[in-house]
Amino acid sequence: VKEIVIESVDPTLGLDVDGRRCRGRLRVRPHGEHGLAVDNLVDLEDYVAGAVAGEVQLIDATRAELEAQAIASRSFALAQLSARGARSLEVRLYDGTRDQRYVGVFEPSANPRERRAARDLAAAIEATRGKILVEFGETLDARFHAACGGRTASAADVFPEAARFTSLASVDCEGCSSPGGPD
């Protein structure tokens, strides 16, 4: 057997992988001499929800921030999949800083702020469903950051493959340079 695919009897519940609830299916295959690799095969919108939950502090985020992050995350994911599809037979996104921090399904506790955050996340994903950033007729490689120290770097300076996107120029970042902004 080269691989097995596992799916939940109830897709709304998803599957638990090492304490992380995931929607979609799980593909398990041999990796290395004695290991296994597990891939979460997931719908794009469920992926975006899991990436936004991993990249944003949901409890403090406004709906507008969640919607903007959803569009940026979706755009980045599609740009990466497109670029990798041209170079590989098997296209995937990684669940860490190599791509986006994907955490699967955000499961709030009984805390009212967490429950509100879960509702706001779901509403932001639905409000932006299918929306992406486009420049020069192609999906924008929408790279983003957690903190920039007050000014972003130009994408061309850090990611030469993104240099064609003029909208990814260096800009001042008020959120990171204002008192109380990210450290």
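The values are calculated or read from the model by the stated rules, or taken from the named source; none is laboratory data. Quick caveat: nothing in here was measured; it's all calculated off a predicted structure. Neighbour counts run over all protein chains shown; Cβ positions are idealised from the backbone, glycine included. Each accessible area value is taken on the protein alone, full model and side chains, heavy atoms only, with ligands, DNA and RNA left out. Shrake-Rupley method; radii C 1.70, N 1.55, O 1.52, S 1.80 Å.
What the table below lists for this structure:
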quantity	calculated
Tail beyond 18 Å, pair distance distribution of the range 54-111 (Cα, percent)	44
Helical mean residue ellipticity (222 nm; -39500 (n - 2.57) per DSSP H run of 4+; nearest 500) of the chain	-10000 deg cm²/dmol
Portion, in percent, of the accessible area of the chain that falls on carbon or sulfur, probe 1.4 Å	53
Heavy-atom accessible area per residue - the chain, 1.4 Å, Å²	61
Cysteines not pairable in the chain (beta carbon separation under 4.7 Å absent)	22, 148
Cα convex hull of the range 1-78 - mean projected area over all directions, nm²	6.8
Shape parameters for the chain, alpha-carbon atoms, Rg then Dmax in Å	17.7, 57
Prolate/oblate/rounded label for the range 63-171 (Cα gyration tensor, a/c 1.5)	prolate
Selection of chymotrypsin sites (Phe, Trp or Tyr not before Pro), the range 70-176, meeting DSSP coil and at most 12 other Cβ within 10 Å	94, 136
Karplus-derived HN-Hα couplings along the range 12-23 (A = 6.51, B = -1.76, C = 1.60, θ = phi - 60°), whole Hz, x at Gly and Pro	5, 7, x, 10, 9, 10, 6, x, 10, 7, 10, 7
Overall form of the range 109-170 per C-alpha gyration tensor (a/c, 1.5; a/b vs b/c)	oblate
Antiparallel DSSP beta bridges within the chain, percent to nearest 5	100
Distant-in-sequence amide H partners of residue 41 (H built 1.01 Å from N, under 5 Å)	25, 26, 27
The chain - charge dipole about Cα centre, Lys and Arg +1 at Cβ, Asp and Glu -1, debye rounded to 20	220
Low-density loop cleavage sites - GluC sites (Glu not before Pro) in the range 72-168, where at most 12 other Cβ are within 10 Å (DSSP)	90
Sites matching trypsin sites (Lys or Arg not before Pro) across the range 96-145 that sit in DSSP coil, with at most 14 neighbouring C-beta atoms within 10 Å	98, 129, 131
